[in-house]
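What follows is a single structure, written as structure tokens, with notes after it.
Only the coordinates and a few stated rules stand behind these numbers; no lab work does. The structure displayed is predicted, hence computed values, not measured ones. All Cβ positions, even for glycine, are placed from backbone atoms using ideal geometry, and neighbour counts span all protein chains on display.
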Amino acid sequence: MRLKVMTFNIHHGQGMDGVLDLGRIAEDVRRSGADVAALQEVDRFHPRSHFQDQLRRIGRRLEMKHAFSPSINFGFVQYGNGILSRYPVLNKQVLYLQGVNERRSILSVRVDTPEEPLTLVNVHFGVMEREKAQQFPFLLNLLKQTEGRCVLMGDFNMGEKHPLMDMLKPVWNKVTPEPFAPTVRSGREIDHIYCNFPLTRAYAYVQPTEASDHHAVVAELGW
């Protein structure tokens, strides 16, 4: 089995030039060649993004299935995480995480690949240390309950050497981009991809973009 995955915080489609352009986000996903993509900071029906259902719009443009988890709800306005998939989505699970500044969520989706069903987990943790300390155990509990092969992706808002990230070992192994490149403008690497199964091929890289304040991380996996 060969699979190309992507994690990308899209900053609700607003690029470094201040322009909101979902077409650039869709083109970044297309350029990556990803079979599945975990997106964070996705708007639905938000005034700042012209009341668009962003995930559905990107999915239609790329002819990909989609699943969404609203971290925040203000009436019909939503903001959260999404997964795009070239394969059928069998089911989804949303786990809400309380935060100091805003609620976050974890989106878990089961997709039907040609070889076997595969679980994809998309996370976006809070920025503050006490938020991450409160939220991370919920991820660990979810992962313990996940059966079979799983790919964990997202904006963790911390580097791989953070003490919390050490709690993923030894079951979860990071697919490390080569050469090293930051995933945010500050020079830090806070967007990661992990697997809970041995790989015969594992190659990852950071895909630069001006379409968001994060760069995408793309990985080619084989098993």
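Worth pointing out:
- The sum of -39500 (n - 2.57) across all DSSP H runs of n ≥ 4, divided by the residue count of the chain, sets its helix-only mean residue ellipticity at 222 nm to -5500 deg cm²/dmol.
- Lysines whose Cα lies under 29 Å from that of Lys65, excluding same-chain neighbours fewer than 8 positions away: Lys4, Lys92, Lys144, Lys174
- Between Glu178 and Met1, the simple label model (points 7 Å from Cα in the Cβ direction) yields a spacing of 2.3 nm.
- Sequence of His46, His162 once ranked by neighbouring C-beta atoms within 10 Å, starting from the fewest: His162, His46
- Taking Arg110, Arg48, Arg86 in turn, the Gaussian network model of the chain (Cα-Cα springs below 10 Å) assigns the largest fluctuation to Arg48.
- Charge dipole of the chain about the Cα centre (unit charges at C-beta), most positive-ward option of Pro179, Met16, Leu221: Leu221
- Normalised convex hull volume, the chain, alpha-carbon set, Å³ per residue: 115 Å³
- Least to most buried among Trp172, Trp223 (fewest other Cβ within 10 Å first): Trp223, Trp172
- Here the peptides 51-64, 136-149, 204-217 are ranked by packing, the mean other Cβ count within 10 Å, and the order with the highest first is 204-217, 51-64, 136-149.
- Separation between Cα centres of the range 1-66 and the range 72-123, rounded to whole Å: 14 Å
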